[in-house]
1. What net charge do the residues around R62 carry, taking every other residue with its C-beta under 15 Å from that of R62, with Lys and Arg at +1 and Asp and Glu at -1?
2. Show me, for the stretch 21-37, the HN-Hα J-couplings you get by feeding each phi into the Karplus relation (A = 6.51, B = -1.76, C = 1.60, θ = phi - 60°), rounded to Hz, glycine and proline as x.
3. Of the listed peptides 74-84, 35-45, 13-23, 95-105, what is their order by residue-averaged count of other C-beta atoms within 10 Å, with the highest listed first?
4. Return a whole-number percent for the relative contact order of the chain, with Cα pairs under 8 Å and 6 or more residues apart as the contact set.
5. Can you figure out the FRET efficiency of Q56 with D33, using R₀ = 22 Å and their beta-carbon distance, to the nearest 0.05?
6. At a Förster distance of 22 Å, what's the computed FRET efficiency of F11 paired with D49, Cβ-Cβ distance as r, to 0.05?
7. Of Y71, N31, L50, which is farthest on the positive side of the dipole of the chain, counting Cα position, with +1 on Lys and Arg Cβ, -1 on Asp and Glu Cβ, and the Cα centre as origin?
8. With charges only on Cβ, +1 for K and R and -1 for D and E, what is the dipole size of the chain about its Cα centre, in debye, rounded to 20?
Amino acid sequence: MAAQFKNSSFFYTCKENYFLSILPADPQSRNKDGYKALVKIARTYFSADLYEPIAQYLTEGRYLVKLWSAYLTLEYGSPDSELRESCIEAIESTLSKSAHELSAEQNEFFQAYLQKSLKTA
């Protein structure tokens, strides 16, 4: 049975994903409803050039919300240089403080992702 996503808010969808083990860089998660729901929410804001509603979560430590916010902003948005740097810092912070919540594959993915992001800065 597919999970029901009752709330369309970014925070609550991150929370639901957390408990369903749907992670930002997990290839198996990309086809799950929770992953698609977060991408849809983020793209809706980004297409209207509204970054603040997602960027406000770059300081949220629970449920990997900070990681989702940073990753989706970099992957699907066109952030200015200041926001881009904040996203990179949020990913670095998550890897240093919350690495235990991520699989080895997720940690490796984000380490490589950071290297790539820093090269294109």
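1. On the way: positive: K15, K66, K97; negative: E16, E60, E101.
That sum, taken over residues with Cβ under 15 Å, equals 0.
2. 6, 9, 10, x, 10, 7, x, 6, 7, 4, 8, 8, 4, x, 5, 4, 5
3. Details: 74-84: 14.8, 35-45: 17.6, 13-23: 19.6, 95-105: 12.5.
So the peptides 74-84, 35-45, 13-23, 95-105, ranked by packing, come out 13-23, 35-45, 74-84, 95-105.
4. Values: 115 pairs, mean separation 25.5, N = 121.
Relative contact order, the chain: 21 percent.
5. Details: r = 24 Å, r/R0 = 1.09.
The formula returns an efficiency of 0.40 here.
6. On the way: r = 21 Å, r/R0 = 0.96.
Computed FRET efficiency for F11 and D49: 0.55.
7. Most positive-ward Cα: N31.
8. Working: 13 positive and 15 negative charges, 75 e Å.
It comes to approximately 360 debye.
Every number here is computed from the coordinates shown, using simple stated rules; none is lab data. Bear in mind the structure is a predicted one, so any value in this text is a computation, not a measurement. So basically every Cβ, Gly included, is an ideal-geometry build from the backbone, and we count neighbours across all protein chains shown.
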